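What follows is calculated from the coordinates using simple rules that are stated; it is not laboratory data. No experiment lies behind these values; they were computed from the predicted model shown. A quick note on method: Cβ atoms are made from the backbone with ideal geometry, for glycine too, and the neighbour counts reach across all protein chains shown.
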Amino acid sequence: MFKWEKLGKIFDPRDLKSESWMQEFAQSPSVLIFEKYVRVYFCSRPAPASDGQYLSFLSFIDLDRENLHRIVNVCSEPILSLGTYGTFDEFGTNPVSVIRNQDEVRVYYAGWTRCESVPFNAAIGLAISHDDGDSFTRLGEGPVLSFSPDEPYLLGSPRIREYDGKWYLWYVSGKDWLQTEGKPEPVYKIRMASSEDGINWIKFGKDIIENKLGENECQACPDVIFHDGKYHMFFSYRDSHNYKGKEGGYRIGYASSVDMINWNRCDEMAGMSVSENGWDSEMVNYPHVFMLDGETYMLYQGNEMGRSGIGLAKLDGAQNWSNQ
Amino acid sequence: MKWLKLGKIFDPTEHSLPNNCAEFAQSPQTLVMSDRVRVYFSTRERDDVGKYLSHIAFVDFDKSMKNIINISNHTVIELGGLGCFDEHGIFPINVIRDGDRVLAYTTGWNRKVSVSADASIGLAISCDEGLTFQKYGKGPVLTASLNEPFLVADAYVAVYEGVYHMWYIYGTKWKKFVESDPPDRVYKIAHATSEDGISWHRDSRQIITNSLNDDECQALPTVFHRSGTYHMYFCYRQAHGFRTDSNSAYRLGYACSNDLIDWTRDDSKAGIDVSEDGWDSQMQCYPHTFESDGKVYMLYNGSEFGRFGFGLAVLDECGC
């Protein structure tokens with residue numbers, strides 16, 4: 001089992017002392033490492049509209065590389081505008097994953113649209129930065145990964161990686177909308193696609209993580225890291241109902257693979273669970289694992305799907321990853 | 001080109017239709033058989049919130065195209081389930097023979113919030129000569145992509161030299177012409193090819209030049225080969241005011257090509273236009289060309305987008 005030392009919450013937009021467009025939520029952290037700081041991209045929200053509906057925008061904070069608890073910069077405005085009338089990302093950009101590509105930075109994100117019979121739909125977009133990740137321009141008005149015969153809706157939770165010159169995208173695809181007494185509830189599963197250029201994708205076309213909570217389990221945020229000859233995936237999963245509190249809320253799962261296609265799920269290894277009390281006592285979710293200066297860290301969001309901010313954990317240095 | 005109009009040949013209000021449909025017989029498209037021509041069309045029911053749902057039905061004509069010999073009284077293809085691209089209607093459907101099977105390229109509609117709807121192209125397969133179709137997956141085969149952000153619709157598929165060609169439309173913008181009105185859509189004609197009819201490679205460009213202005217809407221391409229040339233008919237209109245103003249409403253456009261790639265548009269050669277009066281005097285739209293017993297026919301809708309049916313014309317002279 002991985003042994004994580006929780007280092008506590010590092011950012012909560014509700015704690016910002018100066019005026020900010022960010023009202024609450026810091027979701028789906030993803031890092032870009034600079035010489036002096038670690039930039040953490042995430043998704044945040046202004047106050048909801050009068051109908052109670054939220055928009056979600058891409059944001060970042062910079063953490064001092066020598067002391068990750070010290071925030072040295074907070075982004076002053078969203079780094080990507082929302083899409084125009086009728087586009088896939090008109091009502092939100094969330095979650096997010098960033099990657100360097102030579103002298104540009106790419107952000108892959110799920111764009112949100114609103115529908116009549118179901119509350120929303122999503123597809124995956126790509127935006128590019130030429131100023132070292134300060135601002136982004138979308139590559140096109142439409143998505144870079146969208147629906148297909150066996151992926152009919154809700155493409156989201158992108159995690160972008162590059163291994164040996166080839167691009168890989170782990171993401172989720174909607175499987176079903178369940179009719180409930182309230183709003184319809186989606187079921188989605190983790191999938192994968194590969195690409196030569198990060199733009200034209202070939203979908204693998206299968207769910208890659210077996211269900212643990214039954215066929216209506218929702219799986220999200222497949223965060224992959226290669227270490228000691230294996231691919232390690234930390235992801236989130238939950239039940240399709242009663243998931244907004246502690247009982248059915250998101251937990252962090254784990255799977256490993258030697259070929260990126262066949263995965264062995266073993267959630268007991270993840271070693272990351274809710275705290276007794278505090279900001280991550282009801283849920284831990286949207287993990288992002290990265291290595292920095294000889295240490296391995298996990299950023300993750302806590303209660304209420306990240307309404308209460310992002311926290312950090314550090315892996316016990318003596319771990320042997322290949323035994324996982 | 002020169003067409004002889006044969007008049008309106010089908011009025012949906014004179015027949016009993018499946019799925020509680022009463023009016024509309026839009027975008028007629030054919031499956032030609034040895035003893036009949038099956039004409040699929042989209043007809044409409046009102047759902048429980050008072051909005052329309054488009055369903056597919058068909059009518060069989062004998063080969064003279066003068067006599068109706070059968071009308072579908074069953075569900076030809078189901079609409080999509082909750083959240084699917086074709087949950088709120090299928091309009092239109094394009095059918096093509098593929099060995100023992102009949103393939104259908106559907107345009108599925110789903111309702112949205114800031115704009116009225118979006119559309120994608122689905123595939124369905126029939127193993128009973130087009131009586132019923134089963135979907136190839138819950139999702140679409142062609143949908144929004146980087147430079148075709150929404151409203152991917154109106155597929156017309158033909159096989160030339162072993163390659164599947166699809167002509168279709170994609171949305172370029174939703175634009176508010178009047179602040180108090182909902183936004184209007186703009187869409188253009190494009191082309192894609194495929195080895196198997198399932199995975200498509202897009203040209204990713206507009207292939208028919210604009211004739212009205214940048215906001216011209218181009219729809220429902222249909223292509224046939226005759227006298228050594230490929231001929232395309234389609235319909236086009238102004239983006240705003242097209243429902244009420246006949247001058248802004250759909251007209252038939254024409255383009256020709258020798259290589260299926262580059263098209264020369266010249267609407268003045270279409271050889272067919274709105275009538276002085278009668279069922280197709282306000283607009284002409286949704287053309288579909290097909291060959292039967294050596295003749296080239298065109299089915300199309302007239303006023304009110306086909307609320308009261310479709311008519312037929314036959315090609316009299318062919319030249320580009």
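Say each of A:ASP103 and A:VAL258 gets a label point 7 Å from the Cα, pointing the same way as Cα to Cβ; how far apart are those two points in nm?
Taking the two extended label points, one gets 4.2 nm.
Need one number: convex hull volume per residue for region B:1-52, Cα atoms only, in Å³. Write down the numbers at each step before the final one.
Numbers: hull volume 6.8 nm³, N = 52.
Convex hull of Cα atoms, per residue: 130 Å³.
How about B:LYS173: which lysines have a C-alpha closer than 16 Å to its C-alpha, ignoring those fewer than 8 places off in the same chain?
B:LYS112, B:LYS188
Read phi for every residue in region A:128-134 and hand back ³J(HN,Hα) as whole Hz from Karplus 6.51 cos²θ - 1.76 cosθ + 1.60, θ = phi - 60°, with x for Gly and Pro.
Per residue, the Karplus-derived 3J(HN,Hα) values read 10, 10, 10, 10, 6, x, 7 Hz.
For chain A, count the residues as N, evaluate 2.2 N^0.38 Å, and divide the Cα radius of gyration by that value, please.
Numbers: Rg = 18.2 Å, N = 324, 2.2 N^0.38 = 19.8 Å.
Its radius of gyration relative to the 2.2 N^0.38 Å reference: 0.92.
Given all pairs of different Cα atoms, what value in angstroms does the Kirkwood hydrodynamic radius of region B:130-221 take?
Numbers: mean 1/r = 0.0682 Å⁻¹.
The Cα-based Kirkwood calculation yields 14.7 Å.
How big is the Rg/Rh ratio for region A:21-68, C-alpha atoms only, Rh by Kirkwood, two decimals? Display every interim value, and only then the final one.
Details: Rg = 13.2 Å, Rh = 11.8 Å.
Dividing the radius of gyration by the Kirkwood radius yields 1.12.
On full extension of the chain, what length is gained from B:SER211 through B:SER116, given 0.36 nm per residue of separation minus the C-alpha to C-alpha distance? Intermediate values should be presented prior to the final figure.
Numbers: separation 95, 0.36 × 95 = 34.20 nm, distance 2.62 nm.
Extending this stretch completely gives an extra 31.6 nm.
Which part of region A:242-262 falls in the paramagnetic zone of A:ILE33, meaning amide N under 15 Å from the point 7 Å along Cα-to-beta-carbon?
none
Straight-line reach from A:LYS6: which lysines fall under 29 Å, measuring Cα to Cα and dropping same-chain residues less than 8 apart?
Here the lysines satisfying the reach criterion relative to A:LYS6 are A:LYS17, A:LYS36, A:LYS189, A:LYS212, A:LYS230, A:LYS244, A:LYS246, A:LYS314.
Mind giving me the nanometre distance, one decimal, between the label points for B:LEU4 and B:ASP259, set 7 Å out from Cα along Cα→Cβ?
3.7 nm
Hey, could you get me the Stokes-Einstein D for chain B, Kirkwood radius over alpha-carbon pairs, 4 °C and 1.567 mPa s, rounded to whole µm² s⁻¹? Numbers along the way, then the final one.
On the way: Rh = 19.6 Å.
D, rounded to a whole number, is 66 µm²/s.
Quick check on region B:214-269: what are the equivalent-ellipsoid semi-axes from the Cα gyration tensor, as sqrt(5λ), descending, whole Å? Can you show the working numbers first?
Numbers: eigenvalues 129, 20, 14 Å².
Output for region B:214-269: semi-axes of 25, 10, 8 Å.
How big is D for region A:113-206, in µm² s⁻¹ as a whole number, if Stokes-Einstein is applied with the Kirkwood radius of its Cα pairs at 25 °C and 0.890 mPa s? List each step's numbers first, then the result.
On the way: Rh = 14.6 Å.
Estimated diffusion coefficient is 168 µm²/s.
Are there any trypsin sites (Lys or Arg not before Pro) in region A:32-105 that are in a DSSP loop and have at most 11 other Cβ atoms within 10 Å? List them by number.
On the way: sites: A:LYS36, A:ARG39, A:ARG65, A:ARG70, A:ARG100; in loops: A:LYS36, A:ARG65.
Qualifying residues, ordered by number: A:LYS36.
Would you kindly give the portion of the calculated P(r) for region B:166-270 that falls above 18 Å, as a percent of all Cα pairs?
On the way: 2798 of 5460 pairs.
Across region B:166-270, Cα pairs with separations above 18 Å total 51 percent.
Given C-alpha coordinates of region B:1-101, what is the ratio Rg to Rh with the Kirkwood estimate of Rh? Working shown, then result.
Working: Rg = 14.7 Å, Rh = 14.7 Å.
Reported Rg/Rh (Cα atoms, Kirkwood Rh): 1.00.
With θ taken as phi - 60° and the coefficients 6.51, -1.76 and 1.60, list the Karplus ³J(HN,Hα) couplings across region A:94-108 in order, rounded to whole Hz; mark glycine and proline as x.
Couplings: 5, x, 9, 8, 10, 7, 7, 9, 6, 9, 10, 10, 10, 10, 9 Hz.
By how many nm would the segment from A:THR137 to A:ASN320 lengthen if fully extended, with 0.36 nm per residue of separation less the alpha-carbon distance? Display every interim value, and only then the final one.
On the way: separation 183, 0.36 × 183 = 65.88 nm, distance 4.08 nm.
My answer for the length gained is 61.8 nm.
Taking the Cα-to-Cβ direction at B:CYS127 and at A:SER275 and moving 7 Å from each Cα, how far apart do the two end points lie in nm?
Distance between label points: 5.9 nm.
Quick check: net charge around B:ARG185, other residues with Cβ under 9 Å of its Cβ, Lys/Arg +1 and Asp/Glu -1? Present the calculation step by step, with values, prior to reporting the outcome.
Working: positive: B:LYS173, B:LYS175; negative: B:ASP184.
Spelling it out: positives minus negatives among the neighbours equals +1.
Of all alpha-carbon pairs in the protein assembly as shown, indicate the percentage at a distance above 47 angstrom.
24 percent
Rg and Dmax of region B:47-123 over Cα atoms: what are they, in angstrom?
Computed over the Cα atoms of region B:47-123, radius of gyration and Dmax are 14.9, 47 Å.
Starting from the Cα of B:LYS5, draw a straight line to each of the aspartates and glutamates and keep only those under 17 Å, dropping any in the same chain fewer than 8 residues away.
B:ASP273, B:GLU276, B:ASP277, B:ASP280, B:GLU291, B:ASP316, B:GLU317
In whole Hz, what ³J(HN,Hα) sequence does region A:18-27 give by Karplus (6.51, -1.76, 1.60; θ = phi - 60°), x for Gly and Pro?
8, 4, 8, 5, 7, 9, 7, 6, 9, 10
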